[in-house]
Every structure is written in structure tokens, then in C-alpha cells.
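These notes are about the structure you will find just below.
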Amino acid sequence: MNEVQQEARNLILIGFMGTGKSTIGKFSARSLGFRYVDTDDVIVDLAGMSIPEIFQNQGEEAFRDIEIEAVQKVAKSNNQVIATGGGIVTREANRKILKRCGYVIWLKADPESIFERVSRNRNRPLLQTENPLATIRELLAEREELYRETADFEVNTSELTVDEIVHGVTESARIAFC
Ligand code: S3P
């Protein structure tokens, strides 16, 4: 486990779409007395449109550029739980900023659990394909190493309840922030 610099007191959740970053982030923020921030919400504010609209009107590269801006913005504050978009690790600039601005936890899940969790909504442009499960597998394979190199700690969420994950996440953060 990496030591976290005294001034970098953020808890950052990374991981694929549908691994529970927002839900776990909100409960963890309450437990730690931190502010909850979601980089996807910051992107929507900066762009003035929804994520599907950004992808549709401007494409993924433009989305990634706004995502870097969002990360730079949230990294300026402390005492936050920061939930991030699943593709945040695909840009090296983001990986560097996230590692510097807090303690990074990777929420992992197997492709089937992810598919189960994301199949209920159409808010994720990258998964609007003919075979979303195959897309999940491909993207996971591309990103796995990037999540690993960015994270200080990993939690496999597939077999755990929300309460158990929140407990694991907040306890490891408390130790890291000592
Ligand atoms: C993306 C994940 C999404 C959102 C965008 C792209 C990705 O966030 O940032 O649709 O590339 O994995 P969630 O992980 O919160 O769904």
C-alpha cells in the first residue's frame, strides 16, 4: 500500500462502468465526513450537455479532453471522495494526477456482474453495441493493466454487499490517511 502525502487527502474510486463507484462513493463520503464528487457530473457541467450527447455530438476524443479538465479541477481540493468514469485511466495525464491527489482504490468486478448491472440503463454510449458483454470483455482487457498501475488498493466487488465494500474502502482509506 502506498503512503499518502499529508496534503493529498482524497479517496479516489476507479474501475469499470457498473462496479458501484457512485454508490460506494456516496456512502464512503458520508462515513469519512468527506464531500462526494463524481467526475462525470463535472464533465456534464463543463460541457453543458449529457454524456450521451457529448459522445454523439463531439465524439470520444472530445469527451476525454473534457474529462482531463474535470480531473484537473477536482484535484485542486481535498477531503473528497472522487468517483471517476470507467475510462479515466486511458489517459496518462489522468493517471498521474489521480495518483498524486489521493489514495486510489480500484473497484473490480467480473464481466458478467458488470453486464448485469449496466444492462438496465442506456446512459453509457460505449456499451450501445450489438454484443455489450463482448464489448465489456474487450474494454476490460484493454484497461486492466491501467487500473492496476493507478491503484493503491483493489477490492473485488462481485461477491460482496455494499456495506462490506464501504467498510473495506473506508477502513483502508483511514489507515492510508493516518
Ligand atoms: C466511460 C464510463 C462512464 C462515462 C462514459 C465513459 C468509460 O462512467 O465516463 O460513459 O469509458 O468507461 P461510469 O464508469 O461512471 O459509468
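Counting only pairs 8 or more places apart or on different chains, how many lysine pairs in region 3-177 have C-alpha atoms closer than 15 Å?
Within region 3-177, the lysine pair count is 5.
Per-residue ellipticity at 222 nm for the chain, helices alone: DSSP H runs ≥ 4 residues times -39500 (n - 2.57), over residue total, nearest 500 deg cm²/dmol? Before the final figure, lay out each step's value.
On the way: 7 runs with 98 residues, N = 178.
When only DSSP H runs of four or more count, the value is -18000 deg cm²/dmol.
Cβ neighbours within 10 Å, averaged per peptide: list 9-15, 170-176 in order, most packed at the top. Each step should come with its number before you reach the end.
Numbers: 9-15: 25.3, 170-176: 17.0.
Listed from highest to lowest mean packing, they are 9-15, 170-176.
Just check the chain against the gyration tensor rule for me: Cα atoms, a ≥ b ≥ c as the square roots of the eigenvalues, rounded for a/c under 1.5, and otherwise prolate or oblate depending on whether a/b exceeds b/c. Each step should come with its number before you reach the end.
On the way: a/c = 1.70, a/b = 1.26, b/c = 1.36.
In terms of gyration-tensor shape, oblate.
If packing is taken as the average number of other Cβ atoms within 10 Å across a peptide's residues, how do 54-63, 18-27, 33-42 rank, most packed first?
Values: 54-63: 13.7, 18-27: 21.1, 33-42: 17.7.
Put in order of decreasing packing, that is 18-27, 33-42, 54-63.
No value in this document is a laboratory result; all are computed from the given coordinates. Everything quoted here is computed from the prediction, not taken from an experiment. Cβ sites come from the backbone with ideal geometry, for glycine too, and all protein chains shown count toward neighbours.
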